[in-house]
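One structure is given below, encoded as structure tokens.
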Amino acid sequence: MDLGIAGRRAAVGAASQGLGFGVAQALVNEGVAVAICARRQDAVEAAAAKLGHGAVGIVADLARPEGATGFIDAARDALGGVDIVVANAGGPPAGNFETATIEQYAEAFDLNCRSTIAMCHAAVPAMRDQRWGRVLAITSIAVRQPIPHLILSNVARAGVTAFLKTLAREIAADGVTVNSLQPGLHATERLTGLYDASALDGIANGIPAGFLGSAADFGAFAAFLCSDAARFVTGAAIPVDGGADSALM
């Protein structure tokens, strides 16, 4: 299926590995010019080289709003514009009400909410002017069903989901869609680095689908949401979790 996005330009956050890399790879496969970011020069350069096709690696710290804005500005300079933004960042540390400090909430909000807001402020006006754009955020199934001991992530990602839904309704008539994907457990480098094969099998057995998701499959679905065919999908927050979320809505 031709997604109709060959020649478009995308900025994909935190994409040196994991789901971000999977999305960047899927977009490259569709003929999209891609800029990715990471905090380490060596990591982002290696990932860009692996992506090939002229992918651009940019060093940026998305934990600071100015870092997120700077990433979009650098991507625009490198690609000649930004038509697609994939907002993605790592997660804050584990904690619960008793252990998480008030200061940590601010840090989590910067990383998982303000970074997306900053990227949108930097990219969306030009999308509206050209009457085409795609904003896609990678959040978590914690938005639907809070995950124990991840109170910082639960709160920050719920906040960015509210922002995205509001933004989607405000700019839908301008040809710009705004959606989010809520990943469950995927066999990314982080997960496979934490558990051995037998433990991963046990984790997979707890997912209704019976297997862990892959970054490639996640990326393919993300690419579809960035396509022309998905132009009527906006304001959606979609779980990609093999059926793990048990909520009715």
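Scanning for something of a type in the set (D, E, K, R) and within 28 Å of PHE97 (Cα to Cα), does the stretch 186-201 turn up at least one residue?
Yes; the residues of the stretch 186-201 include at least one that is of a type in the set (D, E, K, R) and within 28 Å of PHE97 (Cα to Cα).
Give the stretch 183-207 a look and list any residue that's outside any helix (DSSP H, G or I), touching a helix residue (DSSP H, G or I) at 6+ places or on another chain (Cβ under 8 Å), under 22 Å from ILE238 (Cβ atoms) and free of Cβ contacts under 8 Å to residues at least 60 places away in the same chain, or say none. Please lay out each step first, then the result.
First pass over the stretch 183-207, keeping only residues outside any helix (DSSP H, G or I): 183-188, 195-196, 206-207.
With the extra rule that they be touching a helix residue (DSSP H, G or I) at 6+ places or on another chain (Cβ under 8 Å), the set shrinks to 183-188, 195.
Now drop any that are not under 22 Å from ILE238 (Cβ atoms), which leaves 183-188.
Correct list: LEU185, ALA187.
Mind listing whichever residues of the stretch 25-55 are in a loop (DSSP other than H, G, I, E, B) and small (Gly, Ala, Ser)? Give the derivation first.
Start the filter on the stretch 25-55 by keeping residues that are in a loop (DSSP other than H, G, I, E, B), which leaves 30-32, 39-40, 52-55.
Residues satisfying the conditions are GLY31, GLY52, GLY54, ALA55.
Of the conditions (1) closer than 25 Å to GLN182 by Cα; (2) buried (at least 19 other Cβ atoms within 10 Å of the Cβ); (3) touching a strand residue (DSSP E or B) at 6+ places or on another chain (Cβ under 7 Å), ALA100 satisfies every one except a single condition; which number is it?
(3)
In the stretch 1-24, how many are part of a helix (DSSP H, G or I) and either buried (at least 24 other Cβ atoms within 10 Å of the Cβ) or under 10 Å from the mean Cα position of the chain (by Cα) (or both)?
So the count comes out to 6.
I need every pair where a residue in the stretch 225-240 that is without any contact (Cβ under 8 Å) to a residue 24 or more places away in the chain has its Cβ under 8 Å from the Cβ of a residue that is in a loop (DSSP other than H, G, I, E, B), sequence separation at least 6 or different chains.
none
Can you name every residue in the stretch 123-155 that is in a helix (DSSP H, G or I), within 27 Å of ARG76 (Cα to Cα) and not β-branched (Val, Ile, Thr)?
Within the stretch 123-155, ALA123, PRO125, ALA126, MET127, ARG128, ASP129, GLN130 meet the criteria.
Is there a residue in the stretch 56-66 that is of a type outside the set (A, V, I, L, M, F, W, C), at negative phi and in a loop (DSSP other than H, G, I, E, B)?
Yes: the stretch 56-66 contains one or more residues that are of a type outside the set (A, V, I, L, M, F, W, C), at negative phi and in a loop (DSSP other than H, G, I, E, B).
Residues being touching a helix residue (DSSP H, G or I) at 6+ places or on another chain (Cβ under 6 Å), crowded, with 21+ Cβ neighbours inside 10 Å and within 12 Å of ALA14 (Cα to Cα): count how many of those fall in the stretch 59-76.
Total meeting the criteria: 3.
If I ask for residues that are buried (at least 21 other Cβ atoms within 10 Å of the Cβ) and farther than 18 Å from ALA162 by Cα, which ones from the stretch 103-125 would you list?
Across the stretch 103-125, the qualifying residues are ALA122, ALA123.
Could you please find all residues in the stretch 212-237 being over 20 Å from PHE21 (Cβ atoms) and surrounded by 11 or more Cβ atoms within 10 Å (Cβ to Cβ)?
To start, the set of residues in the stretch 212-237 that are over 20 Å from PHE21 (Cβ atoms) comprises 228-237.
Once the filter is applied, which keeps residues that are over 20 Å from PHE21 (Cβ atoms) and surrounded by 11 or more Cβ atoms within 10 Å (Cβ to Cβ), the stretch 212-237 yields ASP228, ALA229, ALA230, ARG231, VAL233, THR234, GLY235, ALA236, ALA237.
Among what's in the stretch 238-249 and is out of contact with any Leu (no Cβ under 9 Å at 6 or more places or on another chain) and within 21 Å of SER214 (Cβ to Cβ), pick the residue that is surrounded by the most Cβ atoms within 10 Å (Cβ to Cβ).
Filtering the stretch 238-249 for residues that are out of contact with any Leu (no Cβ under 9 Å at 6 or more places or on another chain) and within 21 Å of SER214 (Cβ to Cβ), the one surrounded by the most Cβ atoms within 10 Å (Cβ to Cβ) comes out as ASP245.
For PHE211, all conditions in the list (1) under 22 Å from LEU27 (Cα atoms); (2) in a loop (DSSP other than H, G, I, E, B) hold save one; what is the number of the exception?
(1)
Look at the stretch 188-208 and say how many of its residues are modelled with pLDDT of 90 or more and either of a type in the set (Lys, Arg) or closer than 22 Å to LEU27 by Cβ (or both).
Qualifying residue count for the region: 0.
Please go through the stretch 214-243 and pick out each residue that is over 23 Å from ARG144 (Cβ atoms), among the aliphatic types (A, V, I, L, M) and not in a helix (DSSP H, G or I).
ALA229
Taking the condition assigned to a helix (DSSP H, G or I), aliphatic (A, V, I, L, M) and either within 21 Å of ASP245 (Cβ to Cβ) or at pLDDT below 95 (or both), does LEU167 pass?
no
The values are calculated or read from the model by the stated rules, or taken from the named source; none is laboratory data. Note that the structure is predicted; figures quoted are calculated from it, not measured. Cβ sites come from the backbone with ideal geometry, for glycine too, and all protein chains shown count toward neighbours.
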